[in-house]
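First comes the structure, then the notes that go with it.
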Amino acid sequence: MKSLPNCYVIAIDGPAASGKGTLARLIAEHYGFPHLDTGLTYRAVARTLVIEDLPLDNEELAAHAAANIDLAHLDRDLLSAYGIADAASQVAVMPAVRRALVEKQRAFAETPPGAVLDGRDIGTVVCPDADVKLYVTASPQARAERRHAEILEAGGSESLSEVLAGIRRRDERDMGRADSPLKPAEDAHLLDTSEMDIETAFRAAISIIDAARAAGQHS
Ligand code: DC
């Protein structure tokens, strides 16, 4: 089961604040692959609706915004704002939005030499034939503590319990939706980062990927 000739695809999924985004970036740098944070594509749709003062529950408008997203112009700083995360998970339940974004994400993955993609449905829907799949997770408490520290550092003032409630709400929406719910692919390697710092998690991920690459070369 290989994706495409001349393409090597590493799929990284997991819930909010599991560390998957940072890991994906480090893994892409380590192997010299392009990286796509697919969460930014859902955030870009949500942000377009918010700044145009459009409702977040109109699938037709959201799908139109999704069709116009340009992967080459995703502004991480702008889209990472804490406030946009909840809106992103609302538009992400819409099948028409997902169809439009998944098509773009696949085209990115299928461009040689391949890529590292991170999100919620990369190993299950976007790239089911990915060469290596990681499912990065951590307890809700550990994830909330990390996200809370980031928020305080950026000058925000949410309490830890507010952040934990937000994480649980997004988990429920991301795991409970009918279309492409967050779950590990059957052939994903699980990486629980609750007790790991990023350096430890990175070393664990690299050893999983190196083993998969070595096994692929011999098969
Ligand atoms: O990873 P993130 O926090 O930037 O993602 C924002 C929202 O986008 C998340 O709550 C669910 C959605 N998302 C998705 O449904 N599928 C993806 N592949 C990536 C993100």
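Treating only the Cβ atoms of Lys and Arg (+1) and Asp and Glu (-1) as charged, compute the dipole magnitude of the stretch 1-154 about its Cα centre; round to the nearest 20 debye.
420 debye
May I ask you to give the percent of accessible area on the chain that is carbon plus sulfur, with a probe radius of 1.4 Å?
Its accessible area is 53 percent carbon and sulfur atoms.
What Rg and what Dmax come out for the stretch 99-160 when only alpha-carbon atoms are used, in angstroms?
My reading of the Cα-based Rg and Dmax gives 16.1, 44 Å.
Taking the square root of 5 times each eigenvalue of the Cα gyration tensor, what semi-axes in Å does the equivalent ellipsoid of the chain have, largest first?
Calculated on Cα positions only, the semi-axes equal 27, 22, 15 Å.
Considering only the other residues whose Cβ falls under 14 Å of the Cβ of residue 67, what net charge follows from Lys and Arg at +1 and Asp and Glu at -1?
-1
Taking the convex hull of the Cα atoms, report for the stretch 1-124 its projected area averaged over all directions, in nm². Please report the intermediate quantities before stating the final value.
Numbers: hull surface 30.0 nm².
Averaged projected area of the stretch 1-124's Cα convex hull equals 7.5 nm².
Along the Cα-to-Cβ line of residue 160, 7 Å from the Cα, sits a label point; which residues in the stretch 114-146 have backbone N less than 15 Å from it?
139-146
Heavy-atom accessible area per residue, the chain, 1.4 Å probe: how many Å²?
The answer is 49 Å² per residue.
For the chain, what is the calculated [θ] at 222 nm in deg cm²/dmol (nearest 500), taking -39500 (n - 2.57) for each run of four or more DSSP H residues and dividing by its residue count?
So the helix-based figure for the chain works out to -16000 deg cm²/dmol.
Which ³J(HN,Hα) values, rounded to whole Hz and listed in residue order, are derived for the stretch 167-184 from phi using the Karplus coefficients 6.51, -1.76 and 1.60 in 6.51 cos²θ - 1.76 cosθ + 1.60 with θ = phi - 60°, glycine and proline given as x?
Rounded to whole hertz, the list is 5, 5, 5, 5, 4, 4, 5, 6, 8, x, 5, 6, 8, 6, x, 5, 6, x.
How would you rank 17-27, 83-93, 51-61, highest first, on the average number of other Cβ atoms within 10 Å across their residues?
Numbers: 17-27: 22.6, 83-93: 19.9, 51-61: 11.6.
Top to bottom by mean Cβ count within 10 Å: 17-27, 83-93, 51-61.
Taking only the alpha carbons of the stretch 107-219, what extent do you get along each of the three principal axes, in Å, biggest first?
51, 34, 24
Take the alpha carbon gyration tensor of the stretch 144-184, find the square roots of its eigenvalues, order them as a ≥ b ≥ c, and report rounded if a/c is under 1.5; if not, report prolate when a/b exceeds b/c, else oblate.
prolate
Quick one: what are the phi-derived ³J(HN,Hα) couplings along the stretch 33-46, Karplus 6.51/-1.76/1.60 with θ = phi - 60°, whole Hz, x for glycine and proline?
Ordered by residue, 3J(HN,Hα) equals 9, x, 10, 10, 8, 6, x, 4, 5, 5, 5, 5, 4, 4 Hz.
The values are calculated or read from the model by the stated rules, or taken from the named source; none is laboratory data. Because the structure is predicted, anything quoted here is derived from the model rather than measured. Here the Cβ is made from the backbone with ideal geometry for all residues, glycine too, and neighbour counts use every protein chain on show. Ligands, DNA and RNA are excluded from the accessible area calculation, which covers all protein heavy atoms including side chains. Shrake-Rupley method; radii C 1.70, N 1.55, O 1.52, S 1.80 Å.
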